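S.K.: What follows is a structure written as structure tokens; I'll ask about it next.
Nothing in this text is a laboratory measurement; each read-out follows from the coordinates by a stated rule. Quick caveat, the model's predicted, so the values are computed rather than measured. All Cβ positions, even for glycine, are placed from backbone atoms using ideal geometry, and neighbour counts span all protein chains on display.
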Amino acid sequence: MLNKPVLAESLIVFVIVLFVHAVVWDRYSWCTIALAVQAFYVQFKWDRLLQLGGAVFQFRTAANSGLLPASMVIPLLGIVMKERCKSAGIVYFERFGIVVASTGMLVALFLSVIAVGITKPVPTNTCILTGVAGSIIIYTMKHSLTVSEVIEVLEVLLIFVYLSMILLYLLPRCFTPGEALLVLGGISFVLNQLIKRSLNVIEGRGDPIDFFLLVAVVGVVLLGLFFTVLFIFMDSGTWISSMFFHMMTAVLGLGVIMPWLYRLIQRNPLFWLLQFLFQTQTRVYLLVYWTFLAASACGVVFYQNAKRSSESKKHQASTITRKYFHFIVVATYVPGLIYDRQLLYVAAVLCLAVFIFLEYIRYFRIKPFGQTLRHLLCLFLDERDSGPLILTHIYLLLGMSLPVWLFPRSCAPKGTLSGAGALVPYAGVLAVGVGDTIASVFGSTMGEIKWPGTKKTFEGTMTAIFAQIIAVALILIFDSSVNLNSSYGWILASVSLVSLLEAYTTQIDNLLLPLYLQIMFMA
């Protein structure tokens, strides 16, 4: 049987699904509900496989499979995006939302079929549920998608299958099945979009910052795959291997990634980036301010490591110490959201590329900084970093950035959505920067009443909800573009449900919570 936290997590996800479809009800609602029901039952099978060690790959062991909450994210995101763009009359992005929803459903269904297929004995009832859900989804797709859209969905599924086989083998214990669905599904969709747009380049069409995101994500992933395969045959810790790493990075960057980006934006990428970053005086001030915050974050890392060196016993960073970085990230993102969201968009992409590149240096022990990074970052490890990669800081950046990157700018008149949708870019700040941080700090210091079956406390959750409401009030004061149109009840319900999900989920909350809050705000 599923334990109480998993049952509570599933109940919260079902409530969110019903809330969204109470506002947005169409033919895809039946598909989403059918997918949610079968994902709930398949969770039994995945959790049992993880406990018995019967899964095909090695997944993160300190958490449940997380299949239900992960399965709902991409379909719900596509559905609410479709509705927003439909109301704005933007047909292209309305169809794009349908493709996103269909892709998310098919990828989640594929992961469910894998679990059912490798479970012995074959679970008859779960097979029937999966078959019914699959039939509903395929029937709806048949009557909703054009031939080209069906091909696009199948392309993403094919990329997801191959990426899963490669990355889950190379990176054991880094993901749960649900986290793999979100991360690898997202990468698969980005790669397919980049290939599609590269083959259909029309001069002057498309925003350069969107192309910059696609090329950066695909570039760093391909770079990692290349060096992972290469260092199977070489010792990555030698000076010769390190020099080869830096040389090949320069070759791939200047010889592949830069020309690829040039083809998409029809101008020199480096000149475009420099012109973009220093276009206005406000951007210069923001860059100087962000540089100071980055130096402060590095100072915290060095100080904590110096503190560890001076103590005789083993020192590990406390929860409160790790939350310092959450405060720094909030201080980074809020001015960008208020004064220049496009600059924040590009800066977040650059920061993600730098974070992943530094993780490659640490993981492969590339000289001269690889061993130093290993020593500095091991202080901040927690139970979620059980694999060879350290991903929590990357997940924090993604959680804050995804609402900015996924904000449907083309479907937002005057750059903002109406009602609770105006808070979509702030979803990461509210869910992770404020809610998760306050819940962790107050829960660990003053919490006494624990939620059943978890270490999270009632006091921490209630304080998190209260803090997010205060944060929304401050956003209304300082950001004149936000107009909630009396949607305060929906905002309170959204914040409360996501805070309850934070209390019960064992998945990476930095990644999951902002996406659910964004979905609720966009609905």
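S.K.: Quick check: the distance between the Cα centres of region 281-295 and region 444-489, to the nearest angstrom?
M.R.: Measuring centre to centre over Cα atoms gives 28 Å.
S.K.: About its Cα centre, how strong a charge dipole does region 83-216 have in debye, to the nearest 20, once Lys and Arg get +1 and Asp and Glu get -1 at the Cβ?
M.R.: 260 debye
S.K.: Given the C-alpha centroids of region 387-438 and region 186-246, what is the distance between them in whole angstrom?
M.R.: 23 Å
S.K.: Let me ask you something else. Please go through the residue pairs 142/196; 45/455; 307/367; 45/142; 4/456; 323/367 and name each one whose alpha carbons sit more than 18 Å apart in this structure.
M.R.: 142/196; 45/455; 307/367; 45/142; 323/367
S.K.: Per q in 0.12, 0.13, 0.18 1/Å, what log10 I(q)/I(0) does a Debye calculation on the alpha-carbon atoms of region 310-461 return?
M.R.: Values, matching the q order: -0.66, -0.75, -1.17.
S.K.: Got a sec? Charge dipole of region 1-194, +1 on Cβ for Lys and Arg, -1 for Asp and Glu; which of 43, 166, 190 is way out at the positive end?
M.R.: Farthest towards the positive pole: 43.
S.K.: Given the rule -39500 (n - 2.57) for each run of at least 4 DSSP H residues, summed and divided by the residues of the chain, what is its mean residue ellipticity at 222 nm, to the nearest 500 deg cm²/dmol?
M.R.: Mean residue ellipticity at 222 nm (helix-derived): -24500 deg cm²/dmol.
S.K.: When Lys and Arg each count +1 and Asp and Glu each count -1, what net charge do the other residues less than 14 Å away from residue 461, Cβ to Cβ, add up to?
M.R.: For residues surrounding residue 461, the net value is -3.
S.K.: Take the eigenvalues of the Cα gyration tensor for the chain, scale each by 5, and report the square roots as semi-axes in whole Å, largest first.
M.R.: Rounded to whole Å, the semi-axes are 31, 28, 27.
S.K.: Can you give the local net charge around residue 102? Use residues other than it whose beta-carbon is closer than 10 angstrom to its beta-carbon, Lys and Arg +1, Asp and Glu -1.
M.R.: Result for the local shell: -2.
S.K.: Something else now. Which value does Rg/Rh take for region 1-194 over its C-alpha atoms, Rh per Kirkwood?
M.R.: Checking Rg against Rh, the ratio lands at 0.96.
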